[in-house]
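Colleague: Please read through the structure below; I'll follow up with questions.
The values are calculated or read from the model by the stated rules, or taken from the named source; none is laboratory data. All values derive from a computational prediction rather than experimental measurement. Neighbour counts are summed over all protein chains in view; Cβ atoms, including those assigned to glycine, are modelled from backbone coordinates with ideal geometry. In case anyone asks, the SASA skips ligands and DNA or RNA and just uses the protein heavy atoms, side chains included. Shrake-Rupley method; radii C 1.70, N 1.55, O 1.52, S 1.80 Å.
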Amino acid sequence: MGTSRPALITALAVGCLGALSVHTPAAGAQAAATPDPIVFVHGWNSSGSTWDTMAGRFAADGWPAGHLDKWTYNTRQSNATTASQLSAEIDRVLAATGASKVDVVTHSMGGLSSRYYAKNLGGAAKIDAWISLGGPNHGTDTAYFCGDTSCSEMRPGSSFLNTLNSGDETPGASRYATWWSPCDSVINPDSSVALSGATNTKTACLSHGELRTDSTVYAQVKSFVG
C-alpha cells in the first residue's frame, strides 16, 4: 500500500488527538453554560409564589431549578432587617450552587431591602445584575395607607429613603436596571422608580402586578441578566 506500519500508527495517533481537541469542550465553556442563580425578592404583603410565572419562564429557557430562588420574608419588618436576612439567603444560594455571584430580581418594595444590602452590607460584591420592577425607590404616596414599619420607610422623604438614596444610587460594579409603567397606580409618582446610574425602562400600560408577568418585560429582564 506504500505506507510503513510506524508511519500509519503515527498518523492514526495524530488523527485521534485532533478529534479530541475538536470535540472536548473547554472547561471555561462548560462553566459559562450555567447562568448565575437568580434570587427573587417580592414586595409588600406578598410571598415568593408571586414569582411563579417569571421563574417558570426562566426555567423553560434553561435556568436550573436550583438556580431560581423564590425567597419569602416578613414584609412588615424594617427593610434593613430584611436586608440582613437577604444577605444570609444569598450566601446560602451561593454555597448551594457554587456560583460567585447572583442576579437579584425584585418587585415593588423588594427593591429597597436589596438596595440596602448592596449599599450597606457588602452585597454589591455578590450581585451581578440587580433589577427593580415597579420599585418605590424614591417613595410612593400609597404607603401612607398602610401602617407597618416597612410602609413608613416607603413614604416619600422618609429617613430610610433619604439615607438609602444619598450618594451613589447604584453602588459597586453591579449592573442596575429598573422598569416602570405609566399605568402603575401603586407607585406614585412614576418617576420614583428610576435610579441614577441604572438602565431605566418605560413599559407599556401595565398594572403594578403585570410587571412580574408581562412577556415583554420578561424578555427584557432575561436579556439584561444575560
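Colleague: Please go through the stretch 54-68 and pick out each residue that is assigned to a helix (DSSP H, G or I) and touching a Lys or Arg at 6+ places or on another chain (Cβ under 9 Å).
Modeller: Initially, the stretch 54-68 is screened for residues assigned to a helix (DSSP H, G or I), giving 54-60, 65-67.
Residues satisfying the conditions are 54, 55, 57, 58.
Colleague: Which of the residues belonging to the stretch 159-185 are open to solvent by less than 20 Å² (accessible area, probe 1.4 Å), among the small types (Gly, Ala, Ser) and either touching a Lys or Arg at 6+ places or on another chain (Cβ under 7 Å) or assigned to a loop (DSSP other than H, G, I, E, B) (or both)?
Modeller: 174, 181
Colleague: Now for a separate question. Looking at the stretch 37-59, can you tell me whether even one residue there is of a type in the set (A, V, I, L, M) and open to solvent by 60 Å² or more (accessible area, probe 1.4 Å)?
Modeller: Among the residues of the stretch 37-59, not one is of a type in the set (A, V, I, L, M) and open to solvent by 60 Å² or more (accessible area, probe 1.4 Å), which makes the answer no.
Colleague: Sticking with this one: Only residues that are closer than 19 Å to residue 103 by Cα and open to solvent by less than 70 Å² (accessible area, probe 1.4 Å): list them for the stretch 194-203, please.
Modeller: Matches in the stretch 194-203: 194, 195, 197, 198, 200, 201.
Colleague: Right, here's the next one. How many residues, within the stretch 69-92, are surrounded by fewer than 19 Cβ atoms within 10 Å (Cβ to Cβ) and part of a strand (DSSP E or B)?
Modeller: 1
Colleague: Take the residues of the stretch 204-223 that are open to solvent by 40 Å² or more (accessible area, probe 1.4 Å), under 14 Å from residue 177 (Cα atoms) and of a type outside the set (A, V, I, L, M): which is nearest to the chain's Cα centre (by Cα)?
Modeller: That would be 222.
Colleague: If we keep just the residues of the stretch 32-50 that are assigned to a helix (DSSP H, G or I) and out of contact with any helix residue (DSSP H, G or I) (no Cβ under 7 Å at 6 or more places or on another chain), which is farthest from residue 155 (Cα to Cα)?
Modeller: So, considering only residues that are assigned to a helix (DSSP H, G or I) and out of contact with any helix residue (DSSP H, G or I) (no Cβ under 7 Å at 6 or more places or on another chain), the one farthest from residue 155 (Cα to Cα) is 32.
Colleague: I'm told residue 152 meets every condition in (1) assigned to a loop (DSSP other than H, G, I, E, B); (2) open to solvent by 30 Å² or more (accessible area, probe 1.4 Å) except one. Can you identify the failing condition by its number?
Modeller: Here residue 152 clears every test but (1).
Colleague: How about the stretch 93-137: which of its residues are closer than 16 Å to residue 48 by Cβ, open to solvent by less than 10 Å² (accessible area, probe 1.4 Å) and in a loop (DSSP other than H, G, I, E, B)?
Modeller: Correct list: 109 only.
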